[in-house]
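For reference, the structure discussed in these notes is given below.
Just so it is clear, none of the values below were taken in a lab; they were calculated from the coordinates. Predicted model only: the values in this text are computed from it and were never measured. When we count neighbours, we look across all protein chains shown, and the Cβ atoms used for this are built from the backbone with ideal geometry, even at glycine.
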Amino acid sequence: MTDVTLKINGETRSAAVPPETTLLKMLRENFNLTGAKLGCDVGDCGACTVIVDGMSVNSCLMLAAQLEGREVLTIEGLATPDRLHPIQKSFEDCASLQCGFCGPGVIMSSKALLDANPNPSVAEIRDALAGNLCRCTGYTKMIEAVQESAKAMRGRKSERVA
Amino acid sequence: MTKKAKPVRTARAKSAGIGQPVDASGTLRLPAVTQQVAYPIEALAPKVRQQTPAVGQRATRPDGRLHGLGQTKYIDDMSFPGMLYCKIKRAGISSALIKKIDTREAAAMPGVMAIITGKDIPVNSYGPSIKDQPVLAYERVFHAGDGVAAVAAVTEQIALEALEKIKVEYEALPAIYDPVEAMKDSAPKVHPPSSNIYATKLIKKGDVEKGFRESYRVFEDTFTTQMVEHVPLEPHCSIASWDANGRLTIHSTLGRITLGRTDMARTLQLPLSRIRMVATIVGGNFGGKNEITQEPALAILSKMTGRPVKGTFTRTEEFIATTTRHPIIMHYKTGVSKEGKLIARKVRLVLDGGAYCSWSETTLGKACILSPGPYNIENVHAEAFVVYTNKTMTGAMRGFGAPQVCFAYESHMDDIAEALGIDPLEIRLRNAFHEGSSSPTGQVLHSVVVRDSLLQAAERYGWKEAQ
């Protein structure tokens, strides 16, 4: 067993996991954060995307033990009890998610993009979402939602966003 | 039940315009049955082909918020106390006799709770029409993705390690992969003694040979499509559990739970009333989650261990052990007049059915009926065959065979138009179905807007300018 202490969604958490455990598995099984999904387990589909120290990563490709002392943001950490994150709101408003399985990963990739680039072009959005597959054909609506949330986030810069 | 005071409407409620029953204390009480309200339905109903205000409006999905919050619970997001994990050993050989399955070493591993093979399944066959698919292959392997043993262990990792310790002895048999070769009498049989051709369909209208003789020119071509996997982002996943009364509950990613329940009852020899299928939001189906896969095996493992058992397919298993889209070899022969009018069309379709029937009969029917295309043709002869091969089974996938034949007849139309020097749009307009046309199977068609759609599309796309 390997002991890992890390920050998840702002809270310090610890777990003892077998050494082969991936970050995805630890999030889902040890912390019951099932928002990140297992789609392919080889880093192709992006359904497991989370943000580690500000960078979007495929959590199925990262070992839990690598997370010692680092900070993870998952889809569960975006909204507050009384407010959706602007990205979540625009994804809902634009009906960007159909079956929803790819959704948490897409939203986390979008979050990483908008944190680094508050006013991305369509090409930059496409590039940021290139690692996230959707089979219900939702890309157009997703790009619309990212543009819309970017606009909303720029508008309320002074206000705190998660 | 004590008799309650009859609800009365107070002046307050009336004046507020609520119209809800209010009890003696003055608090609002919701009626068990909501009052009927007469909506002016006629006034709101749009006239036929009138543009409704829905188009261009923003629509949100009722489940969209939970999806975005990551709070939608798919089957793999659920777990039950004491739950075990199941992994299935895949054959890895496409045609063979199973001589021996030795599970002793795997069963002795700490953490392995139960192992089953095909012989542990009461009725080891299922399928939506022909029941030719084993839950776990026993005695004979029909394609490389067949499961031969299923392990339940306390962790997924232990279950995976146990698979490697299961020893299976095979005696390789000749295999067949080409559907056209498989139709020959000399070809090895996938399901002996049955023929490899397991379903056929024939549609005849008029006299094609006469039509070809009367044609200005006759065109012939062959089109093929490849096998396609649905690749839903959510892999197949199920959890089986029993209650102390001997009732089975299956939480599953299945799209057709009632059909799945019938298959479970048959394979497990249980009355339907003892089986409960629970489906939640499916993470992509596209036709690939229309039938059971591992569920009977999970149910038996769960019964043997007395614990819930979860099975999640890996992405590899999604490709090798679930249904795919039929590859079709499509031969077209079409006779046309000088003006590009279709006079006769002969179609021969060979569907590669893979190792099991699954939804092949439905696909065969739809592909065959739609194969002449949306065109008025006096003389049609369409024949279709679906054939067993030692490959991953093919089944339902969006369109049930319609996309494949559409690719063929539209490509064929383009070739004909080019050879005759007619505009591809024009040749379609000259032949397209109109109001009251009848399909090759004799169905009289209504609300036919092929021409209108083509013309509108051409206008918007700028077809003329692009020429």
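Loop-resident chymotrypsin sites (Phe, Trp or Tyr not before Pro) (DSSP state other than H, G, I, E or B) in the range B:172-222 with no more than 16 further Cβ atoms inside 10 Å of their Cβ: B:177, B:216. Straight-line reach from residue B:189: taking Cα to Cα under 20 Å and skipping same-chain neighbours fewer than 8 places apart, the lysines in range are B:99, B:131, B:391. Got a sec? Which residues in the range B:74-98 would a label at residue A:42 touch, if it sits 7 Å along Cα→Cβ and we count backbone N under 17 Å? The answer is B:90, B:92. Work out the FRET efficiency for residue A:126 and residue B:279 from their Cβ-Cβ distance, taking R0 = 51 Å, and round it to the nearest 0.05. According to the calculation, E is roughly 0.90.
Residues in the range B:188-196 carry Karplus couplings, in order, of x, 8, 6, 10, x, x, 5, 5, 6 Hz; the curve used is 6.51 cos²θ - 1.76 cosθ + 1.60 with θ = phi - 60°, and Gly or Pro positions show x. For residue B:338, list the lysines whose Cα falls under 26 Å from its own Cα; do not include residues on the same chain fewer than 8 positions away. Result set, ordered by chain and number: B:204, B:205, B:210, B:346, B:464. Cross-link pairs exceeding 26 Å between alpha carbons, from the set A:25/B:100; B:73/B:289; A:25/B:89; A:37/A:89; A:37/B:303; A:111/B:310: A:25/B:100; A:37/B:303; A:111/B:310.
Taking GluC sites (Glu not before Pro) in DSSP loop conformation with at most 16 other Cβ atoms inside 10 Å as exposed sites, chain B has its longest uninterrupted site-free stretch at B:140-338.
Charges only on Cβ, +1 for Lys and Arg, -1 for Asp and Glu: so what's the dipole of the protein assembly as shown about the Cα centre, in debye to the nearest 20?
Details: 75 positive and 66 negative charges, 507 e Å.
Here the size comes out at about 2440 debye.
Using the Cβ of residue B:165 as centre and a radius below 11 Å, the other residues enclosed give a net charge of -1, where K and R count +1 and D and E count -1.
Across the range B:379-393, the residues whose backbone nitrogen lies under 19 Å from the label position 7 Å along the beta-carbon direction of residue B:214 are B:379-382. The stretch between residue B:411 and residue B:243, if pulled fully straight at 0.36 nm per residue, gains 54.8 nm over its current Cα-Cα span. Take the Cβ atoms of residue B:339 and residue B:194, set R0 to 56 Å, and the FRET efficiency comes out at 0.70.
Remark on residue B:197: its backbone amide H falls under 5 Å from those of B:388, a criterion applied only to residues 5 or more positions apart or on other chains, H modelled at 1.01 Å from N. For residue B:217, the residues whose modelled amide H falls within less than 5 Å of its own, excluding neighbours fewer than 5 places apart on the same chain, are B:336.
If the chain between residue B:171 and residue B:60 were fully stretched, how many nm would it gain, using 0.36 nm times the residue separation less the Cα-Cα distance?
In short, 34.3 nm is gained.
Considering helices alone, the calculated mean residue ellipticity of chain B at 222 nm is -7500 deg cm²/dmol, with DSSP H runs of length four and up weighted by -39500 (n - 2.57) and normalised per residue. Counted by Cβ distance under 15 Å from residue B:302, the other residues give a net charge of +4, where Lys and Arg count +1 and Asp and Glu count -1. Modelled this way, with points 7 Å down the Cα-to-C-beta line, the labels at residue B:438 and residue A:11 are 7.0 nm from one another.
Specify the inter-centroid distance of the range B:200-225 and the range B:388-467, based on alpha-carbon positions, in whole Å. Distance between centres, Cα-based: 16 Å. Taking 14 Å as the straight-line reach from the Cα of residue B:119, the aspartates and glutamates in range (excluding those fewer than 8 positions away in the same chain) are B:102, B:139.
Shielding of peptide B:56-68 by partners, expressed as the average count of other chain Cβ atoms within 10 Å per residue Cβ, is 6.
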